[in-house]
There are 2 protein chains.
Amino acid sequence: MAAAPLRIALAGLGTVGGGVIRLLTANGALIARRAGRPIEIVAVSARDRARDRGVDLSPYQWEDDLALLAGRPDVDVVVELIGGSDGPALALARRTLGLGKGLVTANKAMIAHHGMELAGMSEAANDGRGAPLKFEAAVAGGIPVIKGLREGAAANALTRIYGILNGTCNYILSTMEDTGRDFGDVLKEAQALGYAEADPAFDIEGTDAAHKLAILAAIGFGAGVAFDQVEVEGITRIRAADIARADALGYVIRLIGMAECEEGGTRLFQRVQPCLVPRSHPLAAVDGATNAVVAEGNFSGRLLFQGAGAGDGPTASAVVADLIDIARGDTGPPFSVPVAELEQMAAADGATRRGRAYLRFIVADRPGVLAEITAAMRDAGVSIESLIQQGQADEGGEVLVAMVTHDGPERGVVHALELLRESPSLARPPLVLRLLD
Amino acid sequence: MAAAPLRIALAGLGTVGGGVIRLLTANGALIARRAGRPIEIVAVSARDRARDRGVDLSPYQWEDDLALLAGRPDVDVVVELIGGSDGPALALARRTLGLGKGLVTANKAMIAHHGMELAGMSEAANDGRGAPLKFEAAVAGGIPVIKGLREGAAANALTRIYGILNGTCNYILSTMEDTGRDFGDVLKEAQALGYAEADPAFDIEGTDAAHKLAILAAIGFGAGVAFDQVEVEGITRIRAADIARADALGYVIRLIGMAECEEGGTRLFQRVQPCLVPRSHPLAAVDGATNAVVAEGNFSGRLLFQGAGAGDGPTASAVVADLIDIARGDTGPPFSVPVAELEQMAAADGATRRGRAYLRFIVADRPGVLAEITAAMRDAGVSIESLIQQGQADEGGEVLVAMVTHDGPERGVVHALELLRESPSLARPPLVLRLLD
């Protein structure tokens, strides 16, 4: 292989960093064939040099200082695996692109918050000739979904992008489904098994999925990243009883990130929310920590990309795929079109959308409660398709009432819940899930 | 958009050709943004100029002569949508690449038979600077699976590639499953509905899936295309009774194309065959004319790509994605590595493989037949996991005996069937399907 190697610096030596080193070691020869030249790690950096990471770091130069790492004349591309939307990761990204070097990152928070700035720096670098910025690993782990949208589906006007974007939530929900156990119990187990972080808020409250959704929406719709516009609801209020009811209706519950262009491409709808997914839908079969993304194009029809959403191996696979693209010279605008051409779309008003909804109330166990709820529905113009009242008191003398509405505007349901807001019959705030029909 | 347009010539104006024209018309503006320059059809050619195709051809130059089409100085890329492994399609492909122009094709037969020659021409074109050759539409319609393997999974040593590669067969099998009807009946309906050709042999006998498998295997494993080495068996012998038995065991039947590297990458296993797929496997949920491909990488784990396997819209989506890549300058070796570096792997011996098998015999309705079959199994060392004898004579006084073997070498089953070959008890040749476990 006579061609000059692509020389990289690795910043961050956690699970994914170790995975990248193992991957480049194990598959180095075939990667050199496919990339047209070898990809070589030159230098590495991490917070704690002494820590044993189970990989041999002796072949690489160590840099304590991230700024020096990016500035090394023997480095072409920096791989940022530090994490965090700001702080050292962002400083390193800015410095790398500012120096006109390529940046590969798995950092979804940073791209969701600062993707536009970094893409602008990437385009302006090297006197306008550009410097690559790639982040396949930031969304859905090892699944090449950014490539799938940016290139594979590039001929299409996409109408809708949705999917299962957080493996922790999917593990919890599908385990609740398989075992009938409740949320808190399964979360504890997931933490013990390493499927959930010690502080799981980022995952279970939907923020992580929202980061990924905002990135996918930007690429798919040619819009600026609009993370702040994502409506986010996590899975913490889902009970085993909800999953059982969904099951009786032919549905499973999944945390779905959904983005749509509305009103002729002028408004962007983005929502992360637990949804009832019909058992016949491909996403219903996605179990465990798996991720899956559906993109609907005006010519391609429905495309599905599925695979491991996290883990050192899959994430390293995506990082190195980006490096191979750079080695091959296949780069171009990070968000598919130049930043200046990305549409700035206003947030769509979710309440103007239509669909069916699953509503679940925890009510006091006394006569007249059901009449009160159904009257509020009637007064708000919401038509009930099926109603399930659980006769038995569920927990602490509370009774669970669940219903599915007919297709109708979301604002009807919002209005009905407003009518019920002050009701002493409701023991807790109602849960509203949309049906993915 | 100041950049010079990518100027294309379209050869073949059937369903897909019409789809490409409609797509470039409908999505032209967004494609120009994503590609960095407009993609313009300059000239077209087809057999019959007079035929009404439902698209306006007046903006384009008409060429009767394909050689003149490729030679036009205002054409950068030829899109070949004529079809057929040889004849005018191959002549056009050779001429186009010989002139140093880009070629995009949806022609799986041509790539399966002549892909190596054409890739060699593509690399050698323009005094070694190359001319793009791309064929995303040749495999699995609108699903960007060639890109997924060639680029998305490029960091991995792939261990196995398999999937549902023929929409006609999948439509027939899943309709048989849903309705309990028999093969011939469903085939007639599929023909009436346009899901199967008037001459369906190419699809139902597995040849089309074998073309696609050979292309995927070459790209995934870095091997020369070896279509002649694919073991092929179609779906014509599958009966409603087989599907019912598979169902009772928790399986569906799908035509699966499967490729594996064996013996340290020195041998290539490629087989197209109806398989029993466990209902929990993602491929079991793939219904109708949908295609799906699974690639297992040593770091990515299992990746699944799913979508519409045929049709004018999806196929045009893949053709134009290739054109966008060319307009962006993202090309490189058609089979991921240069032709000279592709491994020439010998065919693996399928009989050395292990697994479970479904065997179905049509036997004469008389005593002792079952004993004869089970004795042959015993003598060949094949262990039977479950056995289903249908008491009732199925059709014409014949009785159906089905069984599933324990895990074991395929050659055991081959040997057992040899022992039974001369048996007067067997009314027809036995059916052997493998289990996808």
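Things to note:
- R0 of 22 Å, Cβ-Cβ distance residue A:126-residue A:48: FRET efficiency to nearest 0.05: 0.05
- With K and R counted +1 and D and E -1, the other residues having a Cβ less than 13 Å from that of residue B:382 yield a net charge of -1.
- For the range A:288-305, putting each phi into the Karplus relation 6.51 cos²θ - 1.76 cosθ + 1.60 with θ = phi - 60° gives couplings of x, 7, 5, 10, 7, 10, 10, 10, 10, x, 6, 10, 5, x, 7, 10, 10, 10 Hz, in residue order, rounded to whole numbers and with x for Gly and Pro.
- Coarse-grained scattering of the protein assembly as shown at q = 0.08 Å⁻¹, given as base-10 log I(q)/I(0) from a Debye sum over alpha-carbon atoms: -0.78
- Beta bridges per DSSP, both residues in chain B: antiparallel share near 65 percent.
- Contact with the other protein chains removes 50 Å² or more of accessible area, compared with the isolated chain and a 1.4 Å probe, from these residues of the range A:324-353: A:328, A:330, A:341.
- DSSP beta bridges in the protein assembly as shown [antiparallel fraction, %, rounded to 5]: 65 percent
- Amide H contacts under 5 Å for residue A:384, placed H, 5+ residues apart: A:406
- A Förster distance of 41 Å, applied to the separation of the beta-carbon atoms of residue A:56 and residue B:26, puts the FRET efficiency at 0.15.
- Residues in chain A average 36 Å² of solvent-accessible surface per residue, probe 1.4 Å, ligands and nucleic acids excluded.
- Electrostatic tally near residue A:353: other residues with Cβ closer than 14 Å to its Cβ, Lys and Arg +1, Asp and Glu -1, net -1.
- Applying the Karplus relation 6.51 cos²θ - 1.76 cosθ + 1.60 with θ = phi - 60° to the range A:51-65 yields 3J(HN,Hα) values of 4, 7, 9, x, 10, 7, 9, 4, x, 10, 6, 9, 10, 6, 9 Hz, where x marks Gly and Pro.
- Tensor-based shape of the range B:352-435 (alpha-carbon gyration tensor, a/c under 1.5 rounded, otherwise prolate or oblate): prolate
- Global form of the range B:189-284, assessed from the alpha-carbon gyration tensor, a/c cut-off 1.5: oblate
- Neighbouring Cβ atoms from other chains, within 10 Å of the Cβ of residues in B:301-313, number 6 on average.
- Spatially, the range B:102-119 and the range B:368-387 are offset by 46 Å when compared through their Cα centroids.
- Contact residues in the range A:146-160 (at least 40 Å² less accessible area with all protein chains than alone, 1.4 Å probe): A:147, A:151, A:152, A:154, A:155.
- Other copies of residue B:340: label-to-label distances in nm, shortest first, labels 7 Å along the beta-carbon direction: 4.3
- Normalising the average separation of contacting C-alpha pairs (under 8 angstrom, six or more residues apart) by the number of residues puts the relative contact order of the range A:104-216 at 31 percent.
- Multiplying the residue separation of residue B:188 and residue B:387 by 0.36 nm and removing their Cα-Cα distance gives an extension gain of 68.4 nm.
- Debye log10 I(q)/I(0) at q = 0.22, 0.25, 0.33 Å⁻¹ for the range A:269-311, Cα point scatterers: -0.94, -1.11, -1.18
- Long-range HN-HN contacts of residue A:44 with modeled amide H, under 5 Å: A:10, A:61, A:62, A:63
- Packing, as the average of other Cβ atoms within 10 Å across residues, places the peptides A:94-107, B:243-256, B:397-410 in the order A:94-107, B:243-256, B:397-410, highest first.
- Of the peptides B:313-319, A:273-279, the ranking by mean beta-carbon count within 10 Å, highest at the top, reads B:313-319, A:273-279.
- Shown for chain A are the DSSP H helices of 20 Å or more along their axis, judged by Cα atoms, with a mean Kyte-Doolittle hydropathy of at least 1.0: A:207-221.
- Report note on the peptides A:360-369, B:130-139, B:9-18: ranked by the mean count of other C-beta atoms within 10 Å, highest first, their order is B:130-139, B:9-18, A:360-369.
- Averaged over A:314-321, number of beta-carbon atoms from partner chains that fall within 10 Å: 5
- Accessible surface buried upon B-A contact (total; probe 1.4 Å; Å², nearest 100): 3900 Å²
- Accessible surface of the protein assembly as shown [probe 1.4 Å, protein heavy atoms]: carbon and sulfur percent: 49 percent
- The range A:129-136 - phi-based ³J(HN,Hα) in whole Hz, Karplus 6.51/-1.76/1.60, Gly and Pro as x: 6, x, 9, x, 10, 9, 8, 3
- The Rg/Rh ratio for the range A:6-138, using Cα coordinates for both the radius of gyration and the Kirkwood hydrodynamic radius, is 0.95.
- Structural descriptor for chain A: relative contact order 16 percent, calculated from alpha carbon pairs under 8 angstrom and at least 6 residues apart.
- Taking every lysine pair in chain B that is 8 or more places apart or spans two chains, those with Cα atoms closer than 22 Å amount to 8.
- For residue B:406, inter-copy separations between label points set 7 Å beyond Cα along the Cβ vector come to 6.0 nm, shortest first.
- Percentage of interatomic Cα-Cα distances in the range A:110-261 larger than 26 Å: 35 percent
- Cα-based shape type of chain B, given that a ≥ b ≥ c are square roots of the gyration tensor eigenvalues and the cut on a/c is 1.5: prolate
- For the range B:201-255, the convex hull spanned by the alpha carbon atoms encloses 88 Å³ per residue.
- Per-copy distances of the residue A:73 label point, shortest first, in nm (7 angstrom along Cα→Cβ): 4.8
- Simple Cβ-charge dipole of the range B:352-435, Lys/Arg +1 and Asp/Glu -1, about Cα centre, in debye nearest 20: 340 debye
- Positive end of the dipole of chain A (Cβ unit charges, origin at the Cα centre): among A:335, A:195, A:404, the Cα lying farthest that way belongs to A:335.
- Residue by residue along A:35-44, Cβ atoms of other protein chains within 10 Å of the local Cβ number 1 on average.
The values are calculated or read from the model by the stated rules, or taken from the named source; none is laboratory data. All of these numbers come straight from a predicted model, not from anything done at the bench. Note that we place each Cβ from the backbone using ideal geometry, even for glycine, and neighbour counts take in every protein chain shown. In case anyone asks, the SASA skips ligands and DNA or RNA and just uses the protein heavy atoms, side chains included. Shrake-Rupley method; radii C 1.70, N 1.55, O 1.52, S 1.80 Å.
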